[in-house]
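**Student:** Sharing a structure with you now.
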Ligand code: SF4
């Protein structure tokens with residue numbers, strides 16, 4: 001069997017967990033956000049069209065290999081897996097695994113274009129790549145990419161039209177906050193007007209817009225502003241998805257330096273939930289979907305339609321905020337220790353886990369408790 005591999009970049013949005021990951025660019029065009037260490041020490045690169053096409057061909061090769069075991073409309077995964085065992089290198093196995101996951105769990109639906117800001121490519125170049133991917137892997141129904149707000153604001157309406165026609169369906173963008181002052185603290189290199197201009201252009205083109213926001217990104221100093229200015233950006237752009245990523249200061253990041261110097265005061269878990277409440281309360285006339293689809297968010301069930309579900313979501317948040325403090329703490333600790341359920345489901349914890357949770361909650365003062373929560377949180381970022 002000849003060696004067939006393709007490049008796989010380091011990250012993708014959680015919603016692209018079962019997508020094919022096509023590495024179109026490498027690393028990040030900006031690479032200076034104070035909270036992010038992902039691409040530090042690596043320069044941005046555009047991959048050649050030839051290399052990208054070879055990667056698409058390799059994906060199609062594994063797709064054909066796995067689908068060749070289809071009988072009566074169903075893939076025999078036991079037989080397909082035997083091929084996996086014959087692959088010799090770790091890289092081949094990783095590539096095979098991705099295509100297998102895309103078929104078995106992703107229903108061959110989606111492709112995500114890596115890395116951090118692929119939208120920076122000229123629209124005709126990116127359209128060419130998307131068209132080739134759709135030609136070679138016609139099962140794909142959705143093609144998505146990351147794009148920074150400043151980049152999105154610079155793409156012309158014609159550029160978006162070309163990309164939409166080629167098959168680009170959704171753009172994920174880490175807006176992080178709508179506040180210009182908080183964007184400066186984060187050194188995000190973008191501003192609110194670029195977010196609004198870029199967001200409106202994406203929406204007008206018919207491409208879906210998925211925005212990421214970070215409750216707590218302004219620290220205790222800018223809690224209210226972070227929520228209200230973010231709500232303003234959402235209200236102006238009406239994104240298809242608002243996705244929450246609770247902000248945590250990563251140890252060793254430049255934000256950690258600001259925190260050590262006393263220039264940034266990290267919010268508590270509860271303050272971040274209050275900020276989310278304030279944000280949602282101020283979203284008006286939008287009809288997208290809000291999601292809390294990352295383990296780092298304390299309350300996973302902050303989710304629903306922005307036109308109909310806001311009262312329900314606020315009621316849910318309030319039911320947590322109104323709990324006696326000891327019950328909030330029990331849930332916080334359980335969640336940070338890896339508990340996947342909601343705060344209403346703590347009875348699902350094993351006796352052993354519940355004992356550990358109770359021991360931490362009862363023995364630590366509020367400062368020690370927050371410190372331990374942060375230690376756990378740092379394992380996730
Ligand atoms: S734009 Fe994204 S990938 Fe680049 S440095 Fe900022 S957070 Fe990291």
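None of the figures in this text is laboratory data; all of them are computed from the coordinates on show. Given the structure is predicted, the values throughout are model-derived calculations rather than measurements. So basically every Cβ, Gly included, is an ideal-geometry build from the backbone, and we count neighbours across all protein chains shown.
**Student:** Would you mind ranking 180, 365, 51 by Cβ crowding within 10 Å, fewest neighbours first? List each step's numbers first, then the result.
**Tutor:** On the way: 180 15, 365 8, 51 12.
Starting with the residue having the fewest Cβ neighbours, the order is 365, 51, 180.
**Student:** A further question follows. Tilt of helix 192-205 relative to the longest C-alpha principal axis of the chain, in degrees (0 to 90, nearest 10)?
**Tutor:** Taking Cα atoms only, the helix is inclined about 40 degrees.
**Student:** First measure r as the distance between the Cβ atoms of residue 305 and residue 352, then evaluate 1/(1 + (r/R0)^6) with R0 = 41 Å and state the FRET efficiency to the nearest 0.05.
**Tutor:** Working: r = 39 Å, r/R0 = 0.95.
FRET efficiency, residue 305 to residue 352: 0.55.
**Student:** Further, regarding this structure: Output the relative contact order of the chain, whole-number percent, from Cα pairs under 8 angstrom with separation of 6+ residues. Spell out each step's value before the answer.
**Tutor:** Details: 631 pairs, mean separation 47.5, N = 381.
RCO, the chain: 12 percent.
**Student:** At R0 = 35 Å, how high is the FRET efficiency between residue 181 and residue 325 if r is their beta carbon distance? Nearest 0.05 is fine. It would help to have the intermediate numbers written out before the result.
**Tutor:** Working: r = 31 Å, r/R0 = 0.90.
Computed FRET efficiency for residue 181 and residue 325 comes out at 0.65.
**Student:** Bin all alpha-carbon pair distances of the chain at 10 Å intervals from 0 and give each bin's fraction as a whole percent.
**Tutor:** 5, 21, 28, 25, 16, 4, 0
**Student:** While we're here: May I ask for the percentage of alpha-carbon pairs in the stretch 94-142 that lie more than 19 Å from each other?
**Tutor:** Working: 398 of 1176 pairs.
Taking all Cα-Cα pairs of the stretch 94-142, the fraction more than 19 Å apart is 34 percent.
**Student:** Cβ neighbours within 10 Å, averaged per peptide: list 199-211, 112-124 in order, most packed at the top. It would help to have the intermediate numbers written out before the result.
**Tutor:** Values: 199-211: 20.2, 112-124: 22.2.
Peptide ranking by packing, descending: 112-124, 199-211.
**Student:** Related question: Out of the DSSP beta bridges found with both residues in the chain, what percent are antiparallel (nearest 5)?
**Tutor:** Values: 6 of 31 bridges.
Antiparallel bridges: around 20 percent, rounded to the nearest 5.
**Student:** Using a 10 Å cut-off on Cβ atoms, rank the peptides 68-80, 297-309 from the highest mean neighbour count down. The partial results should precede the final answer.
**Tutor:** On the way: 68-80: 11.6, 297-309: 18.3.
Per-residue Cβ counts within 10 Å, averaged per peptide and sorted highest first, yield 297-309, 68-80.
**Student:** Label residue 263 and residue 49 with points 7 Å out from Cα along Cα→Cβ: what is the distance between them in nm?
**Tutor:** A separation of 4.5 nm, rounded to one decimal place.
**Student:** For the stretch 181-248 and the stretch 293-353, what is the centre-to-centre distance using only Cα atoms, to the nearest Å?
**Tutor:** 24 Å
**Student:** Same structure, new question: Using the Cα gyration tensor of the stretch 236-381, with a ≥ b ≥ c the square roots of its eigenvalues, what is the shape: rounded (a/c below 1.5), prolate (a/b larger than b/c) or oblate (neither)? Write down the numbers at each step before the final one.
**Tutor:** Working: a/c = 2.06, a/b = 1.27, b/c = 1.62.
Since a/c reaches 1.5 but b/c is at least a/b, the shape of the stretch 236-381 is classed as oblate.
**Student:** If you rank 271, 176 by fewest surrounding Cβ atoms within 10 Å, what's the result?
**Tutor:** On the way: 271 15, 176 26.
The order, fewest Cβ neighbours first, is 271, 176.
**Student:** Going highest first, how would you order 133-144, 328-339 by mean Cβ packing within 10 Å? Don't skip to the answer; put the middle values down first.
**Tutor:** On the way: 133-144: 17.7, 328-339: 20.9.
Result, highest mean Cβ count within 10 Å first: 328-339, 133-144.
**Student:** Relative to the compact globular guide of 2.2 N^0.38 Å, what is the alpha carbon radius of gyration of the stretch 324-381, as a ratio?
**Tutor:** Values: Rg = 10.7 Å, N = 58, 2.2 N^0.38 = 10.3 Å.
So the Cα radius of gyration is 1.04 times the expected 2.2 N^0.38 Å.
**Student:** Exposure proxy check: 30, 102 ranked by fewest other beta carbons within 10 Å?
**Tutor:** Working: 30 19, 102 25.
By the 10 Å Cβ count, ascending: 30, 102.
**Student:** Nearest 10 degrees, 0 to 90: what angle lies between the long axis of helix 351-363 and the longest principal axis of the chain (Cα atoms)?
**Tutor:** 50 degrees
**Student:** Please report the Cα spread of the stretch 33-75 along all three principal axes, rounded to whole Å, starting with the longest.
**Tutor:** Principal axes ranked by extent give 53, 27, 11 Å for the Cα atoms.
**Student:** In addition: Take the alpha carbon atoms of the stretch 67-178, find their radius of gyration, then divide it by 2.2 N^0.38 Å using N residues; give the quotient.
**Tutor:** Working: Rg = 17.3 Å, N = 112, 2.2 N^0.38 = 13.2 Å.
Rounded to two decimals, the normalised Rg is 1.31.
**Student:** Still on this model: Take the Cβ-Cβ distance between residue 142 and residue 42 as r, set R0 to 35 Å, and report the resulting FRET efficiency rounded to the nearest 0.05.
**Tutor:** Working: r = 28 Å, r/R0 = 0.80.
E between residue 142 and residue 42, to the nearest 0.05, is 0.80.
**Student:** For residue 281 and residue 97, calculate 0.36 nm times their separation in residues minus their Cα-Cα distance, and state this gained length in nm to one decimal.
**Tutor:** Numbers: separation 184, 0.36 × 184 = 66.24 nm, distance 4.24 nm.
Result: 62.0 nm gained on full extension.
**Student:** Just to be sure I understand the model, the point goes 7 Å from the Cα along the line to the Cβ. What's the resulting residue 224 to residue 131 distance in nm?
**Tutor:** 5.4 nm
**Student:** At 7 Å along the Cα-to-beta-carbon direction for both residue 89 and residue 312, put a label point, then send me their distance in nm to one decimal.
**Tutor:** 5.0 nm
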